[in-house]
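Everything on this sheet refers to the single structure shown next.
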Amino acid sequence: MLKLIIALVLAAHGIGHSMGLLQVFKVATVSPSWNGDSWLLTGPVGPTGTHVVGVVVWSLAIAGFVALAAVVVGWLPEAWFAPVAIASSVVSLLGIVLFPAAFPVFSTIGAFAVNVAVLAAVLWFDWVPSDLAAS
């Protein structure tokens, strides 16, 4: 059961990054204070380049965390867990740093917390899904 809960949290976290895509493509207004710009990138690379970076970051985070959920439930090889967990968390954190206004404040705090928890689980505790009994 715990594996399923962890997988659902990871998948939901990944899917949550779609809020960035929805706003970049002007499908929905998730955070009214964000227009797709980055405090760091927009000046040097312009709005189009910034939007491309945003789309890449959010898409990689979505794919990575959904893949992590698949690893946890056993649909993908467990050997993928650590590298995909680290890469996905770092990419998501990069998105938070580059686009701090992209999501509502509590979503940003929650995303930050999940990313840090995943990194801690992998880097400090060497956790892998098989550490849990089959549930």
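Out of the residues in region 38-73 meeting the condition of being among the aromatic types (F, W, Y) and closer than 15 Å to V97 by Cα, tell me which one is surrounded by the most Cβ atoms within 10 Å (Cβ to Cβ).
Of the residues in region 38-73, the ones among the aromatic types (F, W, Y) are 39, 58, 65.
After this cut, where a residue has to be closer than 15 Å to V97 by Cα as well, the list is 39, 58.
On the way: W39: 12, W58: 25.
Result: W58.
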Note to self: Residues that are without any contact (Cβ under 8 Å) to a residue 24 or more places away in the chain and assigned to a helix (DSSP H, G or I): does region 18-35 have at least one?
What the structure shows: yes
Notebook entry, point to check: Of the conditions (1) open to solvent by 30 Å² or more (accessible area, probe 1.4 Å); (2) within 24 Å of S130 (Cβ to Cβ), S88 fails just one. Which one is it?
Noted result: (1)
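Quick check on P83: is it exposed (fewer than 15 other Cβ atoms within 10 Å of the Cβ) and within 15 Å of L68 (Cα to Cα)?
Values: exposed (fewer than 15 other Cβ atoms within 10 Å of the Cβ): yes; within 15 Å of L68 (Cα to Cα): yes.
When the stated conditions are applied, P83 passes them.
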Notebook entry, point to check: Say we look at region 97-131 and pick out the residues that are touching a helix residue (DSSP H, G or I) at 6+ places or on another chain (Cβ under 8 Å) and of a type in the set (F, W, Y); which of these is farthest from A7 (Cα to Cα)?
Noted result: F99
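A quick yes/no check of all residues on (1) modelled with pLDDT under 95; (2) closer than 16 Å to H17 by Cα; (3) basic (K, R); (4) part of a helix (DSSP H, G or I):
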{"position": "I62", "(1), (2), (3), (4)": "no, yes, no, yes"}
{"position": "F65", "(1), (2), (3), (4)": "no, yes, no, yes"}
{"position": "L76", "(1), (2), (3), (4)": "no, no, no, no"}
{"position": "F81", "(1), (2), (3), (4)": "no, no, no, yes"}
{"position": "I86", "(1), (2), (3), (4)": "no, no, no, yes"}
{"position": "V91", "(1), (2), (3), (4)": "no, yes, no, yes"}
Check: So which of P77, P83, P32 ends up being of a type outside the set (D, E, K, R) and more than 30 Å from P129 (Cα to Cα)?
Finding: P32
Next item on the list: Kindly list the number of the only condition in (1) in contact with a Pro (Cβ under 9 Å, 6 or more places away or on another chain); (2) under 25 Å from T42 (Cβ atoms) that fails for P104.
Entry: (1)
Notebook entry, point to check: In region 93-112, how many residues are open to solvent by 50 Å² or more (accessible area, probe 1.4 Å) and part of a helix (DSSP H, G or I)?
Noted result: 6
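The values are calculated or read from the model by the stated rules, or taken from the named source; none is laboratory data. On a predicted model such as this, the values are computed, not experimentally measured, just so you know. Positions of Cβ are backbone-derived with ideal geometry, glycine not excepted, and every protein chain shown enters the neighbour counts. When the accessible area is computed, the model is the full protein with side chains, heavy atoms only, and any ligands, DNA or RNA have been set aside. Shrake-Rupley method; radii C 1.70, N 1.55, O 1.52, S 1.80 Å.
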